[in-house]
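Asker: Structure incoming, see below.
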Amino acid sequence: MTYSRNIFIPVTDVCRNRCDYCSFRRDDGRIIRRQEAADLLDRGAEAGCTEALFSLGEAPMEAEGFFRLLRLTGAGGLIDYLIELSELALERGLLPHTNAGLLSKEEMKRLAPYNGSMGLMLETTAEVEAHRSSPGKSPRLRVEAISAAGELSIPFTTGILVGIGETAEDRVRSIQAIKEIHEVYGHIQEVIVQPFDPKPDTPMACTPPSTAEVLAETVRMARSILPPEVAVQAPPNLADPLPLVEAGACDLGGISPVTPDWINPDRRWPTLEDLQTQLAGFDLLERLAVYPRYIDLGWYGEKTRDLVRRLAGPDGLLRRDRP
């Protein structure tokens, strides 16, 4: 089992989408300031993290008031600011992984040199009621963006969200769509099977989450469809990882010793000691934000090259003899 030790940087909670299950976005949102980000990155480096996860609401510039927030940073634009934050991470020995929702191909091209990898959840190829007020959750647009990342040879993370109104057949179609994109571009390094987690004060607060059996069956299905080089990931703060590992998951995703999961802040990260107890019999191996296959291919960002070479051991995982 692999995992990444990361620091979770919530860049902004302003978002154009209004998903029925989300508690991250805010109407009176904020944007992280440079010093706050630098302090978090320092704490991550001190805790031995190697990944800086930059997560933010989608297309915040389309939301009223965001440019006023952006002006407070002095940055010329959101992508400029993400590049600056990525540079702060690299200076501290942390590989950036940016998940910024839908980005244009040109925006991804600008960010790619500063990132070890990037990501965008497909969530589902179905049209679901939970996305009725979320233009960015259009399945067509998401497929196009994941494909554009492939055209740019960006090591990429995507995944599905289980329990938001889709059917079992929809989940199969979603995984099949990811497989078909990967068959063309070869850039999908991992697929997350993420369970819906009900949040208070959201339209889906009373919607029951998927059962452990449904999650395990979804992992088995994903493993059977995806090619072996694509990892299936099960976030261990959202469900008991053991049944999902036994069903075929081989990665636990990013685990932070410093910051909460800001998307699911009431779901604390397990410690490595917790996981070693839960997954007795499995070896837990620490990887980088970019998987070994893509290190071998040289697909990670140009500005991350020296750091990747310094952090990666002969097997492409984190060096065991890192000081």
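Asker: Could you sort 230-239, 283-292, 33-42 so that the peptide with the highest average Cβ count within 10 Å comes first and the rest follow in order?
Answerer: Output ranking for 230-239, 283-292, 33-42: 230-239, 283-292, 33-42.
Asker: List the residues of segment 71-103 whose backbone N lies under 13 Å from a point placed 7 Å from the Cα of Asp42 along the Cα-to-Cβ direction.
Answerer: Those under the cut-off are 92.
Asker: With a 1.4 Å probe and all protein chains left in place, how much of the accessible area of segment 1-133 comes from carbon and sulfur atoms, in whole percent?
Answerer: Carbon-and-sulfur percentage of accessible area, whole number: 45.
Asker: Separate question: Any idea how far the Cα center of segment 120-151 sits from the one of segment 234-312, in Å?
Answerer: 24 Å
Asker: Excluding residues fewer than 8 places away in the same chain, name every one of the aspartates and glutamates whose C-alpha is closer than 20 Å to that of Lys303.
Answerer: Straight-distance partners of Lys303: Asp42, Glu51, Asp80, Glu84, Glu87, Glu91, Glu106, Glu107, Glu151.
Asker: Return the FRET efficiency for the residue pair Arg26, Glu144: r is the Cβ-Cβ distance, R0 is 30 Å, and the value is rounded to the nearest 0.05.
Answerer: 0.60
Asker: Report, for the chain, the % of DSSP beta bridges that are antiparallel, rounded to 5.
Answerer: 5 percent
Asker: A further question follows. Using a cut-off of 16 Å between alpha-carbon atoms, which lysines can reach Lys179, once sequence neighbours fewer than 8 places away in the same chain are excluded?
Answerer: Result set, ordered by chain and number: empty.
Asker: Label segment 201-315 by shape, choosing from rounded, prolate and oblate, from the square roots a ≥ b ≥ c of the eigenvalues of the Cα gyration tensor; if a/c is under 1.5 it is rounded, and otherwise prolate applies when a/b is larger than b/c, oblate when it is not.
Answerer: prolate
Asker: While we're here: Kindly identify segment 51-156 as rounded, prolate or oblate by the Cα gyration tensor criterion: order the square roots of the eigenvalues as a ≥ b ≥ c, call it rounded if a/c is under 1.5, otherwise compare a/b with b/c, prolate if a/b is larger, else oblate.
Answerer: Since a/c reaches 1.5 but b/c is at least a/b, the shape of segment 51-156 is classed as oblate.
Asker: Which order do peptides 119-130, 71-82 fall in by mean Cβ count within 10 Å, highest first?
Answerer: 119-130, 71-82
Asker: Same structure, new question: Going by the alpha-carbon gyration tensor, a ≥ b ≥ c the square roots of its eigenvalues, is segment 1-112 rounded (a/c under 1.5) or, if a/c is not under 1.5, prolate (a/b greater than b/c) versus oblate?
Answerer: It comes out prolate by the Cα gyration axes.
Asker: Accessible area per residue of segment 97-150 at 1.4 Å probe, in Å²?
Answerer: 36 Å²
Asker: Starting with the highest mean, order 268-277, 191-200 by the number of other Cβ atoms within 10 Å, averaged over the residues of each peptide.
Answerer: Highest-to-lowest ranking by the protection proxy: 191-200, 268-277.
The values are calculated or read from the model by the stated rules, or taken from the named source; none is laboratory data. Just so it is clear, the structure is predicted and the values come from calculations on it, not from any experiment. For neighbour counting, all protein chains shown are included, and Cβ atoms are generated from backbone atoms with ideal geometry for every residue, glycine included. For accessibility, only protein heavy atoms count, side chains too; no ligands or nucleic acids. Shrake-Rupley method; radii C 1.70, N 1.55, O 1.52, S 1.80 Å.
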